[in-house]
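Take a look at the structure below.
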Amino acid sequence: MRATFKRTYSRAIINKITDFPMSHIRFKVLAALCIGAALLTACGQKSGDTAASGDTIKIGEFASLTGKEAAFGQSSHKGTVLAIEELNATGGILGKKIDFIFEDNRSTPGESATIAKKLITRDKVVAILGEVASGRSLEAAPIAQSNKIPMISPSSTNPKVTETGDYIFRVCFIDPFQGKLLAEFAKRTLKAQKVAIFSDVAAPYSIGLAQFFRDTFSATGQIVSEQKYTGGDKDFKAQLTVIKNTKPDAIFVPGYYTDAGLIVAQARQLGINVPLFGGDGWEAPELLQIAGKALEGTYYSTHFSAESTEPGATKFVAAYQAKYGEKPDAMAALGYDSAMVLADAIKRAGSTEGPKLREALAATKDFPGATGATTLDARRDATKPAVIITVKDGKFEYVETIAP
Ligand code: PHE
């Protein structure tokens, strides 16, 4: 059984999987890991025979480690792994080591609820960390809620995620804030009066962010065109041609990096020279690989910059770079913070029981982390500044920080 098999290796050789290049075919990864894992434990071990489960605290994670948005899951996961390792290196939580159990949803719909069920009923995790994409957090959240197992999304920004119920939390800002700041940015910095919106109908994140942007921007500016695509599409030229004919001053693309990269590239091919901009969904090194030079003069908002001089950020950046040999992005920083906020709540609760842990999480106040201080409000959301990033000379460049 896949889940049982994966659980065995995911726990045993956590360092190895994060080092695996994404180009590997999944079964090859599994096979390679299995050989390594076999030295420590038997692959394919049956469920229910987890040794010493009472001596550890089990924390689950679901992430898009492969597939369309693999960059999201990989980054977030790496940040979370760093946090778990730091916690375990300093004695764990409440005198127990953390047993970290993670699962890959392959960026596909329909997997995350199954994984959440498996983590809760079979692995008996005390809390779940995940996901980056709002759509997949929305799939798992009802399962966590009905089982009274707290779930913390590191970076899902759609308001509906935590509206699922009182066991669902997040450590990032939400899209009403992000949509508003992008609308103000378009006016102030891009000097745009007329904006076209090009959004992904298949992603709750994209639909929501388009709506929140529109709410603010249309009060004083004009939305000249609203076009739609479905995440995974490859040809955006028909919609971009319609957009071009409406002569916008700028184009807002509230989508994920894979699609946004192609959209930017095809817009330039069509001779559209106005700025394109997006939200945190653009954040991934792959964006540069997909769109290359076409990205010059584009912008996006996100949660974190590795250039930050805040003490929590510099400490995190140094530890992340030492472990992975690369700079962390926003997903990594929030993945780290999600685990640290959870650990802090378990300590304060003095317990891993769902209701007690939920209470402690809800009381999170000024907890210092990589992305600044986390305070969870009555809706279990965080309020944090955003940063604007642009692309200059083929590199991401920090532009400004926008306070909430
Ligand atoms: N906020 C996005 C969503 O809700 C996910 C995301 C977060 C993407 C951070 C990139 C960086 O779907």
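FYI, it's all coordinate maths here, none of it is from the lab. Quantities reported herein were computed from a predicted structural model and do not represent experimental measurements. FYI the Cβ positions are ideal-geometry reconstructions off the backbone, even for glycines, and counts take in every protein chain you see.
Can you tell me the mean projection area, over all orientations, of the convex hull of the stretch 267-337's alpha carbons? Units nm², please.
5.5
Tell me, in nm to one decimal, what length is gained between residue 246 and residue 362 on full extension, where the rule is 0.36 nm per residue of separation less the Cα-Cα distance?
37.1 nm
Report the gain in length on full extension from residue 90 to residue 235: 0.36 nm times residue separation, minus Cα-Cα distance, nm rounded to one decimal.
Value of the extension gain: 47.1 nm.
Near residue 356, which lysines are there with a Cα under 25 Å away, not counting those fewer than 8 places off in the same chain?
Of all the lysines, those that pass the test against residue 356 - Cα under 25 Å, at least 8 places apart if same chain - are 58, 96, 97, 117, 118, 124, 148, 160, 347, 365.
What is the helix-to-structure angle for 257-269, meaning the angle in degrees between its Cα long axis and the longest Cα principal axis of the chain, kept from 0 to 90 and rounded to the nearest 10?
20
Tell me the Kirkwood radius of the stretch 77-167: reciprocal of the mean inverse pair distance over distinct alpha-carbon atoms, in Å.
Answer for the stretch 77-167: a Kirkwood hydrodynamic radius of 13.7 Å.
Taking the chain as a Gaussian network, where each spring joins two C-alpha atoms under 10 Å apart, which residue of 271, 350, 292 fluctuates the most?
For the chain, modelled as a Gaussian network with Cα springs under 10 Å, the answer is 271.
At a Förster radius of 45 Å, what calculated FRET efficiency corresponds to the Cβ-Cβ distance of residue 163 and residue 398, to the nearest 0.05?
E between residue 163 and residue 398, to the nearest 0.05, is 0.90.
Using only helices, what value at 222 nm comes out for the chain when you add -39,500 (n - 2.57) per DSSP H run of length 4 or more and divide by the total residues, to the nearest 500 deg cm²/dmol?
That calculation yields -13500 deg cm²/dmol at 222 nm.
What translational D, rounded to a whole number of µm²/s, comes out for the stretch 128-268 from Stokes-Einstein when the hydrodynamic radius is the Kirkwood one over Cα pairs, at 25 °C and 0.890 mPa s?
Result for D is 155 µm²/s.
Would you kindly give the portion of the calculated P(r) for the chain that falls above 35 Å, as a percent of all Cα pairs?
Across the chain, Cα pairs with separations above 35 Å total 25 percent.
What are the lysines whose alpha-carbon lies under 30 Å from the alpha-carbon of residue 247, with same-chain residues fewer than 8 places away excluded?
180, 187, 191, 194, 228, 234, 237, 293, 392, 395
Distances longer than 20 Å among the Cα atoms of the stretch 239-372: what percent of all pairs is that?
Looking at the stretch 239-372, the distances longer than 20 Å represent 59 percent of pairs.
Gain in length, residue 288 to residue 97, computed as 0.36 nm per residue apart minus the alpha-carbon separation, to one decimal in nm?
64.9 nm
Please compute the alpha carbon radius of gyration of the stretch 222-304, then divide it by the globular-protein estimate 2.2 N^0.38 Å. Two decimals is fine.
1.00
Enumerate the lysines that residue 315 could reach by cross-link, defined here as Cα to Cα under 20 Å, with residues fewer than 8 away along the same chain left out.
Output for residue 315: 78, 323, 327, 384.
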